[in-house]
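Visitor: I am attaching a structure below and will ask some questions about it afterwards.
The values are calculated or read from the model by the stated rules, or taken from the named source; none is laboratory data. Small disclaimer: the values here were computed from a predicted structure and weren't measured. When we count neighbours, we look across all protein chains shown, and the Cβ atoms used for this are built from the backbone with ideal geometry, even at glycine. What goes into the accessible areas is simple: the full protein's heavy atoms, side chains included, and nothing from ligands, DNA or RNA. Shrake-Rupley method; radii C 1.70, N 1.55, O 1.52, S 1.80 Å.
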Amino acid sequence: MIAAFAGAALLAIVNDGSIPRWAPGALAAALGVPGAALYRRGRKHFAVSARELLERDPRPPVIYLRSFQADKEAAAAVTSPVLAGPFALLHPIETWSRLFETFDSRTEEELLVEALGQVGPVVAIGKPGEKLPELGAARTYVSDAEWQTTVRDLFGRAALAVLRIGQTPGFYWEVEHSAKSLDPRRLVLLVPTFSRKQYDAFRKGASAHFPRPLPEYGTSLVRSVLAGGRLGSVGGLVYFKRDWTAVYVDLTRVKWPWKHSLRFLGRRTILNVLDWALQPVYRQLGVTWTPPPARWGIIVLKLIPGIVVTGIVVVLAYITLTNQW
C-alpha cells in the first residue's frame, strides 16, 4: 500500500501534463486497495490458534462470543474519515490525527482484543468452514455437536466473558448459560450500534435469563454520527455488579482525563474508549488497570504537524482580521 502511494506521488511529480491529473489518485486507489487486502490476508495466515495462545499465556482467558453473522462487521477496519463531523473540520490537530489513522488497517475485533488484553488472552470459537480465521481473538474450531460443551468448558476457565449482542438462537443459548455459569462480575455485553427497537427486542428476549432487568438503551445516536465511524460498529456495553445489577455505558460519551491525553493520543479512538470504559470491570476482577505506554514517535507524528497547521491557521486569521480593520 505504501509502495502504491509512493508510485502515485512519483507519477504526480514527473507528470509533464500529458497524463490526466486524476491518474495518480487512480493509481493509488487501484494498487492500494488490493494491496491492503493482500496484506490482511497474509496476516490471517500467521494468526495463532486458541490452543497456541493459551500455551503462551497461562492467565485465565477472556472468552469472546458472538453470532457468526456479526463477524463481517467486527472484521472491518475501523474508519477515521478525515472530514467527519464539524469538530474535525474546525480542529487541525484532530483532522491530521484522523488522516494519520487511515494507514492503520486493524479491525474492530483486533482493537477490542487489545483493550481486553489486560485481563487475559482472548479466544473465540471460529466460524465452521472458514478457510482462514478472522483477525482478532484466537480461534478454536469445533463441530456443531461439540460447541455447547466447548462453551461450557470455556465458561469454567474464563476470567471474563464478552458477548456481542445478537439475535440468533445459538447466541441466546450462550446468554442463558453465561447467566447460569458465571459470576456476574465476569460478564460483559457488547452493544452494537442498534436502533432502540433492536436493543429492546434483545432486552425482552434475554430478560428471562437474568435475575434483574437489563438497562434501557443508552447510546446517543447524534454522538454516534459525529464520531464518524471511529467507534466501529460498537455503541455501548453492559457490565454487571455482584448482585446482577446491570450498568449501561454509552461509549459515545466516554472521556478520559487530560493527564492521559498524550498516552491516548498515540492510539485509536475505539481502543481508548474501550480501555477507559472497562475500568469498572477490571476493578471487580481485581485487575490493576495500567495506562498505555507513551509512544512518542506516534505522538510526535500526530501532534506536531497538527500544531504547525493550527499555528498557520491562527496567523492567517490574524493577518486577515488585521487587514480588515
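Visitor: Please give the peptides 176-182, 58-64 ranked by average Cβ packing (other Cβ atoms within 10 Å per residue), highest first, as a rough proxy for protection.
Guide: Numbers: 176-182: 16.3, 58-64: 20.1.
With the highest mean Cβ count within 10 Å placed first, the list reads 58-64, 176-182.
Visitor: Quick check: from the Cα gyration tensor, does region 218-293 come out rounded (a/c under 1.5), prolate or oblate?
Guide: Numbers: a/c = 2.46, a/b = 1.11, b/c = 2.21.
Verdict is oblate for region 218-293.
Visitor: Taking only the alpha carbons of region 118-242, what extent do you get along each of the three principal axes, in Å, biggest first?
Guide: Principal-axis extents of region 118-242 (Cα, largest first): 41, 36, 30 Å.
Visitor: Expressed in nm to one decimal, what extension gain is obtained for the pair Val300 and Phe46 from 0.36 nm per residue of sequence separation less their Cα-Cα distance?
Guide: Details: separation 254, 0.36 × 254 = 91.44 nm, distance 3.08 nm.
The Val300-Phe46 span can extend by a further 88.4 nm.
Visitor: Cβ neighbours within 10 Å, averaged per peptide: list 249-258, 187-196 in order, most packed at the top. Spell out each step's value before the answer.
Guide: Details: 249-258: 15.9, 187-196: 20.0.
The packing order, highest mean first, is 187-196, 249-258.
Visitor: Can you give the FRET efficiency for Leu132 and Arg56, using 1/(1 + (r/R0)^6), R0 = 22 Å, r = Cβ-Cβ distance, to the nearest 0.05? Show your work: numbers first, answer last.
Guide: Numbers: r = 20 Å, r/R0 = 0.93.
Calculated value: 0.60.
Visitor: Which residues' amide hydrogens lie under 5 Å from the amide hydrogen of Gly126, considering only partners 5 or more residues apart or on another chain, with H built in the peptide plane?
Guide: Here Thr140, Tyr141, Val142 satisfy the definition.
Visitor: Moving to a separate point now. Of the accessible area of region 211-271, with the probe set at 1.4 angstrom, what percent is carbon plus sulfur?
Guide: Details: 1740 of 3030 Å².
It is 58 percent, rounded to a whole number.
Visitor: Something else now. Can you give me the distance in nm between label points at Val313 and Asp153, each placed 7 Å from the Cα along the Cα-to-Cβ direction?
Guide: Going by the 7 Å Cα→Cβ label model, 5.5 nm.
Visitor: Compute the label zone of Arg196 within region 237-280: residues whose backbone N is under 16 Å from the point 7 Å along Cα-to-Cβ.
Guide: Label zone hits: 250.
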